[in-house]
Amino acid sequence: MGAEARCKARFKGRATEGRARLEMDVLEFRSPELRLSIPFREMKEIAARDGILAVRFAGGTVSFDLGGAAPKWADKIQHPPSRIQKLGVKAAWRVSLIRVPDASLLTEIQQVVARFAVGRVLADSDAIFFGVDRATQLGRVAALKASLKPDGALWVIRPKGRPEISEQSVMAAGKQAGLVDVKVVSLSSVHTAEKFVIPVAARARLR
């Protein structure tokens, strides 16, 4: 989801200011005094009133002073978007699927798009999903860029918390290939994906 806000939280009679964040299936809060990670499935009650988002879970009830954003956060928790929606996948797309490590995601994409290829790259792809598990594989990013439509997207999927394939190395590979990073999506508890596109100023030369 990527929604994030600096706000005041109240939990077990204490108030603290920190940063709240909505991921795909978890609500997180971080401050010097309080660290929470509450999976949506463990939430027993969610309410938004007068700018306060209140969440009841097994550990108690925590409230976040989010102002006008409180109802939107409650709705996102109660009606989370699917992975396909978060990735922006469209039915008319041509999609290339290269080393995608999540079998269920592979199936979800195949069920939606008009044309796809697994293990090979389609010319003029609307999107390329490229799975990596070590930094040496990122050398392929520049070659994959050549198969994108000018307004297409390259999604680099990597495992979370693996030092051999860090976010910094992925971002550096995209920049070196002449791409810009525009979005990060948490795909699951073990995989994340960074979205890269061709800069708008460079697209006219590719048409």
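Quick one: which of 5-11, 153-159 comes out on top by average Cβ neighbours within 10 Å, and what's the full order, highest first? It would help to have the intermediate numbers written out before the result.
On the way: 5-11: 16.9, 153-159: 22.9.
By packing density, highest mean first, the sequence is 153-159, 5-11.
Go ahead and estimate [θ] at 222 nm for the chain from helices alone: -39,500 (n - 2.57) per DSSP H run with n ≥ 4, summed, over the residue count, rounded to 500. Can you show the working numbers first?
On the way: 6 runs with 41 residues, N = 207.
Calculated mean residue ellipticity at 222 nm is -5000 deg cm²/dmol.
Among all stretches of the chain without exposed GluC sites (Glu not before Pro) (DSSP loop, at most 13 other Cβ atoms within 10 Å), which one is longest?
Working: sites that count: 33, 164.
Here the longest segment lacking exposed loop sites spans 34-163.
Check each of the trypsin sites (Lys or Arg not before Pro) in the stretch 106-147 and keep only those in coil by DSSP with at most 16 other C-beta atoms within 10 angstrom; list them in order.
Values: sites: 115, 120, 134, 140, 145; in loops: 120, 134.
Counting only loop positions with at most 16 other Cβ atoms within 10 Å, the trypsin sites (Lys or Arg not before Pro) in the stretch 106-147 are 120, 134.
List the lysines whose Cα sits under 22 Å from the Cα of residue 90, skipping any in the same chain fewer than 8 residues away.
The qualifying lysines are 76, 145, 149, 183, 195.
Rule-based calculations on the coordinates, nothing more; no lab input. Note that the coordinates shown come from a computational prediction; the quantities given were computed from them, not determined experimentally. Quick reminder, even Gly has a Cβ in these numbers, built from the backbone with ideal geometry, and neighbours come from all protein chains shown.
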